[in-house]
Structures are given as C-alpha cells and as structure tokens.
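A.B. asks: Have a look at this one.
The values are calculated or read from the model by the stated rules, or taken from the named source; none is laboratory data. The structure presented is a predicted model; accordingly, all values stated were derived computationally and were not measured. Please note: Cβ atoms are built from the backbone with ideal geometry, for glycine as well, and neighbour counts cover all protein chains shown. For the accessible areas, the whole protein counts, side chains as well, though only heavy atoms, and no ligand, DNA or RNA atoms are used. Shrake-Rupley method; radii C 1.70, N 1.55, O 1.52, S 1.80 Å.
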Amino acid sequence: MDIFNNLIFLLDSMVRLTVPLLLAALAGLYSERSGVFDIGLEGKMLAGAFGAASIAYLTGNMWLGMFAGIGIGIVMALIHGIASITFRGNQIIAGVAINFLAAGLTVFLGQSWFKQGGNTPALPEGGRFLAIELPFADALKDVPIIGPIYYELISGHNIIVYIAFAMVPFTYWLLFKTRFGLRLRAVGENPKAVDTAGINVNLMRFKAVLICGALTGLAGAYLSIALSAGFVKNMTAGMGFIALAALIFAKWRPLYVLYATLLFGFLNASQIRLQGVELPIIGEVPVQAIQALPYILTVVLLAGFIGKAVGPKAGGIPYVKER
Amino acid sequence: MSIRKPLPRWADIALLPALNLTLAFVISGLVVLMVGENPFEAMKILLYGAFGYGEGIGYTLHFATNFVFAGLAFAIASHAGQFNIGAEGQAYIAGLGAILVGLWLDQTHWLLVLPLAMLAAGAIGGLWGFIPGYLAAKRGSHVVITTIMFNFIAAAIMVYILNNVLKPVGSMSPESASVVNAGKIPQLREFWDFFGYAPVNIMLFIAIIVLIGTYILLWRTELGYKIRTMGQNPNAALYAGISNSKIIMIAMTISGAIAGMIAINEVLGVQNRLVIDFVFGYGFVGIAVGLMGRNHPIGIALAAILFGALYQGGLELAFYMPAITREMIIVIQALVILFTGAMEGLFRAPLETFFTMLDLNKKPKTQEQEG
C-alpha cells in the first residue's frame, strides 16, 4: 500500500507540474502551426505570471489576476506579432527580445512597485486559486484503490488545472475539426495557396499568435497565483523552453503535446523525490541528469535518431504578398 | 513610388542602427519616467559611471571584452546562415577548460597558462558549438532549438561537475578550488593603477586580436569567402563546389571556440575559480552586439563598448538611484534586440522611400545642367 500511495503522490505532483508546460506548449502549438516560430514562450509566461500576481495582490481577486495575466500575455504576443508579421522581422530574434523584455521588466517594475527584490508580496485571501473538491471526493476517499486515485489525483486541484487539461481536446477540435483550424494550419504549411483562396494570411497568423499569448499568460498566472502564492523573480526558470521542447517532441500535435508534457512533468516531479535515493541496479541518479533529460530527448528526436520531428513547412518565414 | 532602392551604404551601417538605438533609449527613458525618476539624470549617472573615471572605464572595458567574444561568436555563425544562441552554454562549459589548465599550471607562469587555457577552453566551447553544427548539417536539426537545448544541458552538466567533481573536499559551496599564482591572468591595474580595482585584464588584448583575426578570416581568406557565400546563398555555394555541411560545422565550431574565451576572461581573469553561472548572461548579450554591429568586427567592437558601458553604468545607476535596478539594462538590451533585429523594417522602409525620393529630385537637375 505504501508504494501505491507514494505513486499517487508522485502522479499528483506530476499533474501540478505538467499544467504550466501543457498550457505553454499548446500556446506554442497555435503559433507554430500558423507559421510563426515562438521561442518567446518563456518571456510571455514570465510576464503573465508577474501581471497576474501584481493585480491579484492589489485587488485581492484571483479572477482579475488571471485575466491580467492573460492580458499581459496578449500584449507581449502583440509585440511579437507586430515585429514578425507586420514588419516581417526575424521571428527568432523577436522571441529572444520578448524573453529579455520580460526578464528585465518584471524585476525592474516589481522592485520599484513592491520593493521586495523583484518579487511580489504574498497574495491576500481571495487572491489565490485554491483546490476544489470534486463531487463525492470525500465519500469515496476511503474506498481502496479508486478512493485515493479519485481523491488525491483527480480531485483537489485548482480550476486552472482542469482548464488546462480541457484545452487539449478543445485544441484538437478547433485545429482539426473547424474551418478556422484548417485555415490556421494551412497558413503554416502553404500561405500562398491560402492567400489565393482569398484568406488574409497575416490576419490568420495574428489570431494564432494572440491565442498563443493568452495561453502563455494563463500558464504564467497558474505559476504565480495558483501553484504558488505570489510572483518570484525569474519564476519560470526555463519552463517555457521545456514547453518548446515538449512541442517539438510532440511533433506539433495536440494529443502528443499532452503526453510529452506529462512525461516532462513526471521527470520534474520524480527528480524532487529521487534526490539522494538509491535505486536498485542503477544506483543514485544525479538530479541534473533528470533535469537535462527533456532537453537531451528533444535534441535526439530532432536529429532523427528516434523518429523524426518535422515542423510546419512555412514556419519561420514571413509571408510576402505578391503584388 | 512602389519601387524603392536599397539604402546608401552609410545609411545602412550607421544611420539605421543609430535610429534604432535612439528609439530603444527613448522607450527606456519612458520606463524610467514611469518609476518616477528623471531619465536625463539617469543618463548622466550612467555615462559618468561608465566613462567618468579610471575604475569605471576599466569595468566598461572588462564587460566589453566579454561582449566582443560573444558578439563575434554570434556573427561568425550568422555569416554562415546559422543562428547560434548557444554562446551562453558554450562559454559556460568552456569554463572547465579554463579552470583545469589554471589549476594544473598554477605554479608555472601565466604566459604558459594563457595559451593553453585558450586552447582548452576553445576546444571545449568549440565542441559545444560543433555538435549542434553537426546535427544541423548532417541530421537537419534546427540550430536555434539545438543550441537552446545545449545551453540547458551545459548548465546541468556544470552543476553536477561543480558539486561532485571539482568541489574541494570539505567545502560546502559548489565551486572549484581557487588558482592563486600563475593561473591568474594579470589584470591591467597591476601595471597601471589608473584602473583602480577594475578587473580588466590581458584578455582585452586577446579580444582585439580575435576581432582583427575574424576580419581577416571572413574577408581575406578562402574559408571566409566560403562561409559568407554559403550564408548568403546555400544553393549557389553548392554549385560552386562548396560543401555546405562542412562549412556549417566549421563555422559553428569557430563560433563556440570564440564564445569559450569569455570563460578565461571571467574564470581566470576575475573569479580565479569556477563558480555556478559565471557567464551571467554575457553570451546572450552577444546576440544584441552582433545585430547592432551588423556582424562586422568594427561594428561589434563599438557595440561591445556600448553594452560594456551600459552594464557598468547600469551598476552605478542602481547604486545612486535605488528605484532603478540593474535589470533596467536587460530591458534596454531587449529593446535594442527588438528594434535592430526584429523590427528593422520600422525605419528601413520609410528611409528607403526618403532616399529614393531624394534621388529622384536630384536627377532632373543634373539633366538641366547638361542641357
């Protein structure tokens, strides 16, 4: 029973750590499927986390905080879009700029507003998303096997967790079952054909980039006002890049994104638990090896040693309409 | 006037970057205004901190040394059409080469340590550039993604090595043993007390040599010609008998090796030991420096001094104006990358229109004179 309970706890923390990766990777999915590479996921997430925590602290309202986070994410995405779609600038460079802008501005503004070394103060009551009990959780708690699974693993998360997982089927439906999705994917594969059909390529890409901004903002809000109670300097700590890795690892498909982020979330959760533990046969696994695993896996996959990840064909290329 | 001519050369290499930079500073000024400080006062403190006295100049040059290496690393890869954002990781892991040679030869002479440390750091940094280059050339991986991943992999490896291999027995903090004698690269203040306590060291001269060397390599050798041809038109290069994959690998290796020089400047020039995160984002500044400097050694030298001044002046500014933290520098850096790199079209298109109209106005006059 002990092993089972440990496993449940491990999976529970996997779920919590998967959410920011999942939201950010899905965000990247929209942007990259439309032909705009985004290495600025990290920065948008960080800015969203800061915006959410600031507003949640000032108003004491978690919902206002969440929408502020989403709003800031959209503003950052707008900068990315204006640079790389309107001005046809290099998408990678725009992403790099977004990352630095967020890293600098959050600490700079945070310090001058709150004077706590770039962090926001701890959130007041009502400013933070709390766990919600799903129906019957308490009643089923003591049932063997199913009880712990339902009570610990499925119930008892905050609302953003459920939104994040619901985003997976929603994204699949939107991208693969609607006209909007077909067009979005088409501008990422063959913008010229879409243009010929009378669809505004740049407008489509802008929509995709703004959805990306909203989702990264939500991912940031989750970090600062749901997972923890306030913004901490550089709190994304590379998560945006792990999300990017997951997106590539998932070959730009929604369902695979879920699997990839669950895998990386699991690695992250187990790394905390494996610290100093001697495993049979392998011995003690260095924490750093587990931390580096998502990156190594992505490099190996990209290089085509296990399967092959091929991105959207028109990705990275600004669209120039013929005159 | 739908047909616009390309900009005159001077406008392309001087006017455009100047306009972009001005815009970046104006926006930064607004941000300073937002937190209730006077931007002009801030600018004055920044400039004084960077150039006003010997020690300030020394720090500015020390930072500039790092940025020259980082900028050149970015530029060489760029000329080959590769976007290397892995200078950070390449410099970080090259720290191993620097510290191992420094500790090994600590009882000899710095004239022996310096070239061997450069060789070791260059080799390790070069390897860290070569692998993404190889994967891009032979396996078709995207260099941007691979170099990002390699930054994180380098960070993980370094934390492991510092904690488990290089940490002296009995020490608590994850850092290597210190070099105490010849392993230290001499700082210029030892010869000239003008620089106060600034850590600017012999690597400044190495940076100048590498700047000149890069110019010669890119514009005066066959390899440089091949690199630039490949970067501008891979198909043309292929038809001319240039092996694209070979050139990508060579350029990425050189790029990584130059990034590795940052390690010597920091590890043997200042810290005298290997510490966690000693690269401190300098590798990333190289992107801004390379873009600002138009990937040309002269431009990179100027941009490196500009960013050196920003970093040093920014420290001073954070000291005198507590409302402004040193992260302000990162904001300016971001805006410079945004305006000179990604939003270049903002000024380029209007300027092109302006110069084309200027040209059209001129032409009728010359005809009148002839007639």
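A.B. asks: So which residues in region B:225-246 are closer than 19 Å to B:His296 by Cα and either touching a residue at least 60 places away in the same chain (Cβ under 8 Å) or among the acidic types (Asp, Glu) (or both)? First the steps, then the outcome.
C.D. replies: Filtering region B:225-246 down to residues closer than 19 Å to B:His296 by Cα leaves B:225-233.
Within region B:225-246, B:Ile227, B:Arg228, B:Met230, B:Gly231, B:Gln232 qualify.
A.B. asks: While we're here: I'd like the residue in region A:117-144 that is β-branched (Val, Ile, Thr) and more than 21 Å from A:Val161 (Cα to Cα) and, out of all such residues, is farthest from the other protein chains (Cβ to nearest Cβ). Walk me through it before giving the result.
C.D. replies: First, pick out the residues of region A:117-144 that are β-branched (Val, Ile, Thr): A:120, A:132, A:143.
Pick out the ones that are also more than 21 Å from A:Val161 (Cα to Cα) and you get A:120, A:143.
Working: A:Thr120: 15, A:Val143: 42 Å.
The selected residue is A:Val143.
A.B. asks: Would you confirm, using the coordinates I've provided, whether A:Ile199 is over 30 Å from A:Ala68 (Cβ atoms), in contact with a Lys or Arg (Cβ under 6 Å, 6 or more places away or on another chain) and surrounded by fewer than 17 Cβ atoms within 10 Å (Cβ to Cβ)?
C.D. replies: Values: over 30 Å from A:Ala68 (Cβ atoms): yes; in contact with a Lys or Arg (Cβ under 6 Å, 6 or more places away or on another chain): yes; surrounded by fewer than 17 Cβ atoms within 10 Å (Cβ to Cβ): yes.
It is true that A:Ile199 is over 30 Å from A:Ala68 (Cβ atoms), in contact with a Lys or Arg (Cβ under 6 Å, 6 or more places away or on another chain) and surrounded by fewer than 17 Cβ atoms within 10 Å (Cβ to Cβ).
A.B. asks: Considering only region B:317-328, I want to know if a residue exists there that is of a type in the set (S, T, N, Q) and in contact (Cβ under 8 Å) with a residue 12 or more places away in the chain.
C.D. replies: Looking only at region B:317-328, we keep the residues that are of a type in the set (S, T, N, Q), and these are B:325.
Add one more test, that the residue is in contact (Cβ under 8 Å) with a residue 12 or more places away in the chain, and what stays is none.
No, region B:317-328 contains no residue that is of a type in the set (S, T, N, Q) and in contact (Cβ under 8 Å) with a residue 12 or more places away in the chain.
A.B. asks: Test each condition in (1) open to solvent by 80 Å² or more (accessible area, probe 1.4 Å); (2) modelled with pLDDT under 95 for A:Tyr172 and report the one that comes out false.
C.D. replies: Exception for A:Tyr172: condition (2).
A.B. asks: If you don't mind, there's one more thing I want to ask. Report whether or not B:Val275 is touching a residue at least 24 places away in the same chain (Cβ under 8 Å) and either among the aromatic types (Phe, Trp, Tyr) or surrounded by fewer than 24 Cβ atoms within 10 Å (Cβ to Cβ) (or both). Quick ask: steps written out before the conclusion?
C.D. replies: Values: touching a residue at least 24 places away in the same chain (Cβ under 8 Å): yes; either among the aromatic types (Phe, Trp, Tyr) or surrounded by fewer than 24 Cβ atoms within 10 Å (Cβ to Cβ) (or both): yes.
It is true that B:Val275 is touching a residue at least 24 places away in the same chain (Cβ under 8 Å) and either among the aromatic types (Phe, Trp, Tyr) or surrounded by fewer than 24 Cβ atoms within 10 Å (Cβ to Cβ) (or both).
A.B. asks: B:Val285: assigned to a helix (DSSP H, G or I), under 21 Å from the mean Cα position of the chain (by Cα) and crowded, with 24+ Cβ neighbours inside 10 Å, yes or no?
C.D. replies: Yes; evaluated as a whole, the condition is true for this residue.
A.B. asks: While we're here: Quick one: which helices (runs of 4 or more DSSP H) lie wholly within region A:17-116 and hold at least 1 residues that are without any contact (Cβ under 8 Å) to a residue 60 or more places away in the chain and more than 14 Å from every other protein chain (Cβ to nearest Cβ)?
C.D. replies: Details: elements: A:41-59, A:62-81, A:91-114.
Here the list reads A:41-59, A:62-81.
A.B. asks: Next question. Answer yes if at least one residue in region B:82-94 is over 14 Å from B:Tyr282 (Cβ atoms), within 14 Å of chain A (Cβ to nearest Cβ) and touching a Leu at 6+ places or on another chain (Cβ under 7 Å), and no otherwise.
C.D. replies: No: region B:82-94 contains no residue that is over 14 Å from B:Tyr282 (Cβ atoms), within 14 Å of chain A (Cβ to nearest Cβ) and touching a Leu at 6+ places or on another chain (Cβ under 7 Å).
A.B. asks: Considering only helices (runs of 4 or more DSSP H) fully contained in region A:184-300, which possess at least 1 residues that are within 11 Å of chain B (Cβ to nearest Cβ) and closer than 30 Å to A:Lys321 by Cβ? Break it down into steps so the answer makes sense when it comes.
C.D. replies: On the way: elements: A:191-196, A:201-222, A:239-249, A:254-274.
Where helices (runs of 4 or more DSSP H) fall fully within region A:184-300 and carry at least 1 residues being within 11 Å of chain B (Cβ to nearest Cβ) and closer than 30 Å to A:Lys321 by Cβ, they are A:239-249.
A.B. asks: Pick out the one residue from A:Glu278, A:Glu322 that is over 30 Å from A:Lys192 (Cα atoms) and at pLDDT below 90. Reasoning before the result, please.
C.D. replies: Numbers: A:Glu322 fails: over 30 Å from A:Lys192 (Cα atoms).
Just a single option satisfies the conditions, and that option is A:Glu278.
A.B. asks: Could you check how many residues of region A:64-89 are of a type outside the set (Val, Ile, Thr) and buried (at least 21 other Cβ atoms within 10 Å of the Cβ)?
C.D. replies: In the first step, residues of region A:64-89 are kept if they are of a type outside the set (Val, Ile, Thr); the result is A:64-69, A:71, A:73, A:76-78, A:80-81, A:83-84, A:87-89.
Keeping just the survivors that are buried (at least 21 other Cβ atoms within 10 Å of the Cβ) gives A:65-66, A:68-69, A:73, A:76-77, A:80-81, A:83-84, A:89.
Total meeting the criteria: 12.
A.B. asks: So, one more: Which condition does B:Arg326 not pass, out of (1) open to solvent by 60 Å² or more (accessible area, probe 1.4 Å); (2) away from chain A (no Cβ under 14 Å), if it passes all the others?
C.D. replies: Condition not satisfied by B:Arg326: (2).
A.B. asks: In region A:109-147, what count of residues is obtained for those that are closer than 23 Å to A:Ile72 by Cβ and either surrounded by 13 or more Cβ atoms within 10 Å (Cβ to Cβ) or under 26 Å from the mean Cα position of the chain (by Cα) (or both)? Spell out the reasoning first.
C.D. replies: Step one: filter region A:109-147 for residues closer than 23 Å to A:Ile72 by Cβ, giving A:109-124, A:126-130.
Next, from what is left, pick out any that are either surrounded by 13 or more Cβ atoms within 10 Å (Cβ to Cβ) or under 26 Å from the mean Cα position of the chain (by Cα) (or both): A:109-114, A:116-124, A:126-130.
Residues flagged as closer than 23 Å to A:Ile72 by Cβ and either surrounded by 13 or more Cβ atoms within 10 Å (Cβ to Cβ) or under 26 Å from the mean Cα position of the chain (by Cα) (or both) within region A:109-147 amount to 20.
Residues checked against (1) of a type in the set (Gly, Ala, Ser); (2) closer than 16 Å to A:Ala47 by Cβ; (3) open to solvent by 50 Å² or more (accessible area, probe 1.4 Å); (4) in contact (Cβ under 8 Å) with a residue 60 or more places away in the chain:
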| site | (1), (2), (3), (4) |
| --- | --- |
| A:Ala186 | yes, no, no, no |
| A:Asn190 | no, no, yes, yes |
| A:Ala221 | yes, yes, no, yes |
| A:Ser228 | yes, no, no, no |
| A:Ala260 | yes, no, no, yes |
| A:Gly265 | yes, no, no, yes |
| A:Ile272 | no, no, yes, yes |
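A.B. asks: Select, from B:Phe63, B:Phe74, the only residue that is touching a Phe, Trp or Tyr at 6+ places or on another chain (Cβ under 7 Å) and either outside any helix (DSSP H, G or I) or hydrophobic (A, V, I, L, M, F, W, C) (or both).
C.D. replies: Values: B:Phe74 fails: touching a Phe, Trp or Tyr at 6+ places or on another chain (Cβ under 7 Å).
It is B:Phe63.
A.B. asks: Of the conditions (1) within 17 Å of the chain's Cα centre (by Cα); (2) of a type in the set (Asp, Glu); (3) not in a helix (DSSP H, G or I), B:Glu88 satisfies every one except a single condition; which number is it?
C.D. replies: (3)
A.B. asks: Of the residues that sit in region B:167-211 and are of a type in the set (S, T, N, Q) and over 26 Å from B:Leu72 (Cα atoms), which one is most open to solvent (accessible area, probe 1.4 Å)? I'd like the intermediate steps shown before the answer.
C.D. replies: Restricting attention to region B:167-211, the residues satisfying the condition of being of a type in the set (S, T, N, Q) are B:171, B:173, B:176, B:178, B:181, B:187, B:201.
Pick out the ones that are also over 26 Å from B:Leu72 (Cα atoms) and you get B:171, B:173, B:176, B:178, B:181.
Working: B:Ser171: 37, B:Ser173: 50, B:Ser176: 7, B:Ser178: 61, B:Asn181: 83 Å².
Checked region B:167-211; the qualifying residue most open to solvent (accessible area, probe 1.4 Å) is B:Asn181.
A.B. asks: Next question. Somewhere in region B:335-352, is a residue open to solvent by 10 Å² or more (accessible area, probe 1.4 Å) and not in a helix (DSSP H, G or I)?
C.D. replies: Yes, there is a match, as at least one residue in region B:335-352 is open to solvent by 10 Å² or more (accessible area, probe 1.4 Å) and not in a helix (DSSP H, G or I).
A.B. asks: Follow-up question, since we're still on this one. Please indicate, with yes or no, whether at least one residue in region A:134-144 is out of contact with any Phe, Trp or Tyr (no Cβ under 6 Å at 6 or more places or on another chain), part of a helix (DSSP H, G or I) and within 30 Å of A:Lys321 (Cα to Cα).
C.D. replies: no
A.B. asks: If A:Leu23 satisfies every condition in (1) touching a helix residue (DSSP H, G or I) at 6+ places or on another chain (Cβ under 6 Å); (2) modelled with pLDDT under 95 but one, which is the exception?
C.D. replies: Unmet for A:Leu23, out of (1) touching a helix residue (DSSP H, G or I) at 6+ places or on another chain (Cβ under 6 Å); (2) modelled with pLDDT under 95: (2).
A.B. asks: Does at least one position in region B:291-303 carry a residue that is open to solvent by 10 Å² or more (accessible area, probe 1.4 Å), part of a helix (DSSP H, G or I) and within 14 Å of chain A (Cβ to nearest Cβ)?
C.D. replies: Yes.
A.B. asks: Another question, then. Kindly establish whether B:Arg139 is in contact with a Phe, Trp or Tyr (Cβ under 6 Å, 6 or more places away or on another chain), at negative phi and surrounded by fewer than 23 Cβ atoms within 10 Å (Cβ to Cβ).
C.D. replies: On the way: in contact with a Phe, Trp or Tyr (Cβ under 6 Å, 6 or more places away or on another chain): no; at negative phi: yes; surrounded by fewer than 23 Cβ atoms within 10 Å (Cβ to Cβ): yes.
No: the conditions fail for B:Arg139.
A.B. asks: In the list A:Gly315, A:Gly304, which residue meets the criterion of being open to solvent by less than 50 Å² (accessible area, probe 1.4 Å), part of a loop (DSSP other than H, G, I, E, B), touching a Lys or Arg at 6+ places or on another chain (Cβ under 8 Å) and within 13 Å of chain B (Cβ to nearest Cβ)? Spell out the reasoning first.
C.D. replies: Working: A:Gly315 fails: touching a Lys or Arg at 6+ places or on another chain (Cβ under 8 Å).
Residue meeting the stated conditions: A:Gly304.
A.B. asks: In region B:120-177, which residue that is more than 14 Å from every other protein chain (Cβ to nearest Cβ), in contact with a Leu (Cβ under 8 Å, 6 or more places away or on another chain) and assigned to a loop (DSSP other than H, G, I, E, B) is farthest from A:Leu302 (Cα to Cα)?
C.D. replies: B:Ala177
A.B. asks: Any residue at all in region B:32-42 that's more than 28 Å from the chain's Cα centre (by Cα), more than 12 Å from every other protein chain (Cβ to nearest Cβ) and part of a loop (DSSP other than H, G, I, E, B)?
C.D. replies: Within region B:32-42 (the criterion being more than 28 Å from the chain's Cα centre (by Cα), more than 12 Å from every other protein chain (Cβ to nearest Cβ) and part of a loop (DSSP other than H, G, I, E, B)), the answer is yes, since at least one residue qualifies.
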